[in-house]
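Below is one structure, written out as structure tokens; the observations come after it.
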Amino acid sequence: MNQIKRATLVLPAGEWNPEKRLGGVTLDFDRRSRRRIALTSDEGLDFLLDLPEPRHLRQGDGLALQDGVIEVLAAPEELLELRCADAHALLRLAWHIGNRHIPAMLEGEAILIRADHVLADMARRLGAEVTAVARPFDPEGGAYADVPTGGGHSHGHSHGHSHGHGHGHHHH
């Protein structure tokens, strides 16, 4: 019986030899943010992604197998492209998205987020033009991207901070 191939090393996009390419694996954003997962390449090769710690895989990264490399391909996803009339409105919209800890991809004069009708309504109320698009989603990494999670700071919402705005705004 054949032992399943294991990928234990990620080679950053542009830093691996394309002649070693065995195939590609097309994954959405969630499946590109894993430590250990059984995968099948687009060509039908089964392998196990088995990394020492969780990390986000980006378009063009290589997953090193014993006999070659599987290229990571970002799958198109349903996104909302948000555009505003001016830079101030776009910054204001970016603040509201960031305040909600929503993964966002910044591209030129647009912000792209995952399709969500509540966020679409919020963006429209803030003056944004909202367009549904299907594109690969590779959001900004943020302050805690690719940081080992063992004992480090996790930015989930299990901690008790408030997003209220009562601090520092006392009126006498």
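Values for this structure:
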read-out	value
Residue identified as in contact (Cβ under 8 Å) with a residue 24 or more places away in the chain and closer than 19 Å to G141 by Cβ among E109, E77	E77
Single residue of E43, E71 found to be surrounded by 15 or more Cβ atoms within 10 Å (Cβ to Cβ), over 24 Å from E129 (Cα atoms), acidic (D, E) and out of contact with any Ser or Thr (no Cβ under 8 Å at 6 or more places or on another chain)	E71
Among residues of segment 6-39, those that are among the acidic types (D, E) and within 16 Å of A64 (Cβ to Cβ), counted	2
Number of positions in segment 35-66 that are touching a residue at least 60 places away in the same chain (Cβ under 8 Å) and either under 22 Å from F137 (Cα atoms) or out of contact with any strand residue (DSSP E or B) (no Cβ under 6 Å at 6 or more places or on another chain) (or both)	7
Candidate set from segment 113-130 (those that are assigned to a helix (DSSP H, G or I) and free of Cβ contacts under 8 Å to residues at least 40 places away in the same chain); member that is farthest from the chain's Cα centre (by Cα)	R125
Which listed residue is assigned by TED's automatic domain parsing to the domain that holds H117, buried (at least 17 other Cβ atoms within 10 Å of the Cβ) and either at pLDDT below 95 or under 24 Å from R135 (Cβ atoms) (or both), from L63, L82, L49, L27	L82
Considering residues of segment 1-24 that are surrounded by 11 or more Cβ atoms within 10 Å (Cβ to Cβ) and of a type in the set (G, A, S) only, the residue farthest from Q59 (Cα to Cα)	A7
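The values are calculated or read from the model by the stated rules, or taken from the named source; none is laboratory data. Treat the numbers as computed from the prediction; the structure is a model and nothing was measured. Please note: Cβ atoms are built from the backbone with ideal geometry, for glycine as well, and neighbour counts cover all protein chains shown.
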